[in-house]
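A short write-up of the structure that comes next.
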């Protein structure tokens, strides 16, 4: 199949498959620089074609946007001509063990092509389709504009654009996010997921700040791949640095709880009265009698002294054996 316009002739070499309402061909064209592959996309549905005509005309007019070259009408269908890039699909390429520097370069190139060319949100959404992002050795990351959802033209798609861009960054920096090597990537991806950016300029400024931070961390060696033990030590160091503040708040909480307990909790009720029957035991020890010779004979220490125990209560009078005062008799020697 050949497409003839006023300026160019395009020869189809391969039919591509996108949406059922789209016809897409990979073509060659005789240009000043030689034969270059281009993508020619036609909208088969009449109503959709009328909606796409002003869009394509704006892209290929005097203020040419992105990779769009030309627009023409054939058989009451609007057709658009755009550059086509070959290479490894983006999501296949990033499965390789890429260094951090190359990952940052791929992210920069993708962001510039999507958000720095003043593309409509619909084309940004289509360009971020997994089949439209390719990586080649000469250009790095490139995007094509094969249409998969033409019926969504006119919708507010910028939140969906941010979601698709976040999917790309999450897959690209999966190791850094898993190892918690950089909080900037996680914070930026989280903002994309919540659609917190209102336009291209705001998103691009935030992305460039993140990219600059990653470049600085790369020069300082903070984005190098870490094993299990280094990650464990980093986490322990992080928690150790926060330990004084944690202990401080634990102490404050404990003292506050003690203060509340002392001031608020009522005193416990007094214990009930109990009558005590036996309050003690009186033990009386009788001294041994004194020998007539006038000398005291001490018993061995090992011999136990006889004792008598008497119990007494509150209502009884203390009773003891006969209260005899031990007397000491002395004998005088007989006179001869």
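No lab work stands behind these numbers, since they all come straight from the coordinates. Treat the numbers as computed from the prediction; the structure is a model and nothing was measured. When we count neighbours, we look across all protein chains shown, and the Cβ atoms used for this are built from the backbone with ideal geometry, even at glycine.
The residue 202 and residue 91 beta-carbon pair, evaluated with R₀ = 25 Å, returns a calculated FRET efficiency of approximately 0.40. Measuring max minus min along each principal axis, the C-alpha atoms of segment 1-84 give extents of 36, 29, 21 Å (largest first). Label separation (residue 152 vs residue 15): 2.6 nm, computed from points 7 Å beyond Cα along the C-beta direction.
Ranked by the mean number of other Cβ atoms within 10 Å per residue, highest first, peptides 246-255, 161-170 order as 161-170, 246-255.
Between residue 139 and residue 195, the simple label model (points 7 Å from Cα in the Cβ direction) yields a spacing of 3.0 nm.
Exposure proxy ranking for 14, 157, 53, based on other Cβ atoms within 10 angstrom of each Cβ and starting from the fewest, stands as 14, 53, 157. Between residue 1 and residue 260, the simple spin-label model (points 7 angstrom out along Cα→Cβ) gives 7.5 nm. Computed extension gain for residue 51 through residue 73, at 0.36 nm per residue and net of the alpha carbon distance, reaches 6.6 nm. Full extension of the chain between residue 8 and residue 163 yields a length gain of 52.0 nm, computed as 0.36 nm times the residue separation minus the alpha carbon distance.
For residue 83 and residue 180, what is the calculated FRET efficiency with R₀ set at 35 Å and r taken between the beta-carbons, to the nearest 0.05?
Taking R0 as 35 Å, the efficiency between residue 83 and residue 180 is 0.35.
Using a Förster distance of 25 angstrom, determine the FRET efficiency expected from the C-beta separation of residue 247 and residue 216, and round it to 0.05. Calculated value: 0.15.
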